[in-house]
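Everything on this sheet refers to the single structure shown next.
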Amino acid sequence: MEQTFIMIKPDGVQRGLVGEIIIRFEKKGFSLKGLKLMTVDRPFAEKHYEDLSSKPFFGSLIEYITSGPVVAMIWEGEGVVKTGRTIIGATNPAQSAPGTIRGDLAIVTGRNIIHGSDSVESAQKEIALWFPDGPIN
Ligand code: ATP
Ligand code: MG
């Protein structure tokens, strides 16, 4: 069954939005397969976002992701990668539709509270990076 990697970013954890975000995925019908709270160091964050290393915002993105604990999760279900991205909303919360997580709960791109894999292939890579010992450990 298809799986995706979802991460609640430091601002989402700090603002107390973990429950709200999990409820949205659960109510949709997806299954939670792995979950952990962790703080990542710069090399790990750089690996996760390696495709964006040439972007001008890369430095501030790494600062942001390493600024506090994040919640790393594996969610499973039919079409979960694409539907997960729909539930999350557009990268820029100002352009995310109402009813999406970013559209309802965030204001700016630099603090957009949640990450979701953008393809089945990235999901597999990200799950292997964040859960190297398997989903439950
Ligand atoms: P994510 O990968 O975190 O799920 P995304 O796929 O919607 O987000 P990407 O293009 O992969 O968007 O960018 C990764 C993250 O980098 C964004 O979620 C955001 O936190 C940050 N980011 C993207 N574009 C900008 C920007 N122009 N200015 C500041 N931060 C940005
Ligand atoms: Mg992305």
Full-extension gain in nm, residue 107 to residue 129, via 0.36 nm per residue minus C-alpha separation: 5.0 nm
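Once you have the Cα-Cα distance between residue 37 and residue 121, take 0.36 nm times their residue separation minus that, and quote the gain in nm to one decimal.
Details: separation 84, 0.36 × 84 = 30.24 nm, distance 2.37 nm.
That works out to 27.9 nm of additional length.
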Cα shape, the chain, gyration tensor, a/c 1.5 rule: rounded
Modelled FRET efficiency - R0 30 Å, residue 1 with residue 92, Cβ distances, 0.05 increments: 0.45
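For every helix of n ≥ 4 consecutive DSSP H residues, a contribution of -39,500 (n - 2.57) applies; sum these over the chain, divide by its total residues, and give [θ] at 222 nm rounded to the nearest 500 deg cm²/dmol.
Helices in the chain give a 222 nm mean residue ellipticity of -11000 deg cm²/dmol.
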Region 67-127 - percent relative contact order, Cα under 8 Å, separation 6 or more: 29
Violating pairs (Cα-Cα greater than 25 angstrom) within the set 9/33; 27/47; 36/125: 27/47
Calculated FRET efficiency for the pair residue 53/residue 18, C-beta based, R₀ 41 Å, to 0.05: 0.90
Portion, in percent, of the accessible area of region 1-99 that falls on carbon or sulfur, probe 1.4 Å: 52
Rg [Å, one decimal], Dmax [Å, integer] - region 1-51, C-alpha atoms: 12.8, 35
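Could you provide, to the nearest whole Å², the per residue accessible area of region 48-127 with probe 1.4 Å?
49
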Sequence-separation-based contact order of region 1-68, relative, with Cα cut under 8 Å and 6+ spacing, percent: 41
Magnitude of the charge dipole, region 1-47, Cβ model with Lys/Arg +1 and Asp/Glu -1, debye to 20: 60
Solvent exposure ordering (accessible area, 1.4 Å, most first) of 108, 40: 108, 40
Within the chain: Cβ-based charge dipole about Cα centre, in debye rounded to nearest 20 (Lys, Arg +1; Asp, Glu -1): 320
Relative contact order of the chain, pairs being alpha-carbon contacts under 8 Å that are 6 or more residues apart, as %: 37
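The values are calculated or read from the model by the stated rules, or taken from the named source; none is laboratory data. Since the structure is predicted, the reported quantities are computational estimates derived from the model, not experimental observations. Reconstructed Cβ throughout: ideal geometry from the backbone, glycine too, with neighbour counts over all protein chains shown. The protein model used for the area step is the full one, side chains on, heavy atoms only, and it has no ligands, DNA or RNA in it. Shrake-Rupley method; radii C 1.70, N 1.55, O 1.52, S 1.80 Å.
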